[in-house]
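S.K.: Structure provided below as structure tokens; questions to follow.
Nothing in this text is a laboratory measurement; each read-out follows from the coordinates by a stated rule. Note that the structure is predicted; figures quoted are calculated from it, not measured.
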């Protein structure tokens with residue numbers, strides 16, 4: 001497993017959030033794992049870099065943070 005983060009953010013529209021996550025480029029690694037994992041929980045957005053290709057992981061994390069900041073509230077990122 002790679003580096004895990006919790007991004008304290010709750011999207012206002014769950015269906016829109018699910019559609020947003022589905023559009024992220026998340027290539028499969030050898031062995032069947034995806035490059036990263038994104039899950040919504042009560043604590044916020046769980047993001048795990050599964051040691052995938054650097055560019056898709058970095059772009060996905062950037063897009064998630066950008067999406068959270070569009071809400072206009074402070075965004076807190078914690079490494080787990």
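S.K.: Go ahead and estimate [θ] at 222 nm for the chain from helices alone: -39,500 (n - 2.57) per DSSP H run with n ≥ 4, summed, over the residue count, rounded to 500.
M.R.: Only helices count here, giving -10000 deg cm²/dmol.
S.K.: Let me check against my output: what whole-number percent is the relative contact order of the chain, with C-alpha pairs under 8 Å and at least 6 apart?
M.R.: 43 percent
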